[in-house]
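The structure appears below as C-alpha cells.
Each value in this text was obtained by applying a stated rule to the coordinates, not by laboratory testing. Please read these numbers as outputs of a predicted model, since none were measured by experiment.
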C-alpha cells in the first residue's frame, strides 16, 4: 500500500470533509521516509470540485467551504500517519483574497514551524486557474495519544 493510500484510509472517516464537502486528497508525502508513522506530511494537496452545495446566496463559494478545505488539508499535513500524538487547531485566521473563477479549489498547506507542542501552518487555497483565493494561518497543538 502506498503512503497516499494509507493517508486516504486514515482520513476517510472525516465525513464532513469527505462526504459533505466532497474533498479529495490528491497528494501527500512523509517528511521522514524512514519514520512515516512518527512524522508530519509534506506536499499535501487536497481538492474540492465546486458544486451548487458549496455556493452562497450570491453565487460565490461559501467561506465555510473554503475554510473546511483548509482545515482538512491542515489536519492531513500536521497529523499524517502519526501514532504518537494528534494535532488539533487552536487558532485560525482566514483571509479571503480572490474570487474563484475555476471549477475546483486546491489546498496547499505548508508547515511554517513545528515544535514539541505547537505547530504553525499556512494553507493557500487556489482555484484550478491558479488564482489565489484564500490564505489561512493555523496554529496547532500536539496532544499525546493514550497507550491503551
Once both axes come from the Cα atoms, what is the angle between helix 63-79 and the longest principal axis of the chain, in degrees from 0 to 90, rounded to 10?
20 degrees
When the chain is treated as a Gaussian network with springs between alpha carbons less than 10 Å apart, the largest mean-square fluctuation among 105, 118, 69 is found at 118
Which whole-number percent gives the relative contact order of the chain, counting Cα pairs below 8 Å spaced six or more residues apart?
22 percent
Compute the length gained on full extension between residue 16 and residue 35: take 0.36 nm times their separation in residues and subtract their Cα-Cα distance, giving the result in nm to one decimal.
3.9 nm
Out of 58, 17, 78, a Gaussian network model of the chain with alpha-carbon springs under 10 Å gives the largest mean-square fluctuation to 58
Compute the Rg/Rh shape ratio of region 53-148: radius of gyration over Kirkwood radius, all on alpha-carbon atoms.
1.05
Of 116, 19, 108, which is the most mobile in a GNM of the chain whose springs link Cα atoms less than 10 angstrom apart?
116
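Give me the percent of DSSP beta bridges within the chain that run antiparallel, rounded to the nearest 5. It would help to have the intermediate numbers written out before the result.
Working: 40 of 40 bridges.
Counting only bridges with both partners in the chain, antiparallel ones make up about 100 percent.
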Histogram of C-alpha separations across region 1-115, 5 Å bin width, %:
2, 11, 22, 23, 18, 12, 7, 3, 1, 0
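Using helices alone, what [θ] at 222 nm do you get for the chain, with -39,500 (n - 2.57) per DSSP H run of 4 or more residues, divided over all residues and rounded to the nearest 500?
Details: 2 runs with 25 residues, N = 148.
After summing the helix terms and dividing by residue count, I get -5500 deg cm²/dmol.
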